[in-house]
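K.L.:
Following this message is one structure expressed as structure tokens.
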Amino acid sequence: MPKVEIVSTENGPNLVMVDGKVFTALCRCGHSQKKPFCDGSHRAAEFRAPKETNKVLD
Ligand code: FES
């Protein structure tokens, strides 16, 4: 079974990691025009949030 983690990057998106590789980046700032995906708008919005890691599956 693949190892799936969600990594909330500092001041950026939630990265969905599968077996240590980035599968996709999900917006968590609310400013993306391509929701649910991050389009980089968090930079212009000066989004601020800490880094966190949550393991979903082993
Ligand atoms: S986190 Fe990147 S656009 Fe929202």
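K.L.:
Please rank MET1, MET17, fewest neighbouring Cβ atoms within 10 Å first, as an exposure proxy. Let's see the in-between values first.
P.N.:
Numbers: MET1 5, MET17 19.
By the 10 Å Cβ count, ascending, the order reads MET1, MET17.
K.L.:
Calculate the dipole size of the chain relative to its Cα centre from +1 charges on Lys and Arg beta carbons and -1 charges on Asp and Glu beta carbons; express the result in debye to the nearest 20.
P.N.:
120
K.L.:
Using the Karplus curve 6.51 cos²θ - 1.76 cosθ + 1.60 with θ = phi - 60°, work out ³J(HN,Hα) for each residue of the range 9-20 in order, rounded to whole Hz, and write x for Gly and Pro.
P.N.:
Per residue, the Karplus-derived 3J(HN,Hα) values read 6, 5, 6, x, x, 8, 8, 8, 9, 10, 6, x Hz.
K.L.:
Where does the longest stretch of the chain lie that holds no trypsin sites (Lys or Arg not before Pro) found in a DSSP loop with 15 or fewer other Cβ atoms within 10 Å?
P.N.:
Numbers: sites that count: LYS3, LYS34, ARG48, LYS51.
The longest such stretch corresponds to 4-33.
K.L.:
Moving to a separate point now. What is the distance, in nm, between label points placed 7 Å from the Cα along the Cα-to-Cβ direction at THR24 and at PHE37?
P.N.:
0.8
K.L.:
Expected output is a single nm value to one decimal: the length gained when fully extending between VAL4 and VAL16, i.e. 0.36 nm times separation in residues minus the C-alpha distance. What is it?
P.N.:
Length gained, VAL4 through VAL16: 3.6 nm.
K.L.:
How big is D for the chain, in µm² s⁻¹ as a whole number, if Stokes-Einstein is applied with the Kirkwood radius of its Cα pairs at 10 °C and 1.306 mPa s? Walk me through the intermediate numbers first.
P.N.:
Details: Rh = 11.5 Å.
In µm²/s, the coefficient is 138.
K.L.:
Under 5 Å between amide H atoms, partner at least 5 residues away or on a different chain: which partners does SER8 have, H built in plane at 1.01 Å?
P.N.:
It is LEU15, GLU52, THR53, ASN54, by chain and number.
K.L.:
In sequence order, what are the phi-derived ³J(HN,Hα) couplings for the range 30-41 according to the Karplus relation 6.51 cos²θ - 1.76 cosθ + 1.60 with θ = phi - 60°, rounded to whole Hz, with x for glycine and proline?
P.N.:
These are the phi-based 3J(HN,Hα) values: x, 9, 5, 8, 10, 3, x, 8, 6, 10, x, 5 Hz.
Values quoted throughout were computed directly from the atomic coordinates according to the rules given, and no laboratory measurement underlies them. The structure displayed is predicted, hence computed values, not measured ones. Glycine gets a Cβ as well: all are built from the backbone with ideal geometry, and neighbour counts include every protein chain shown.
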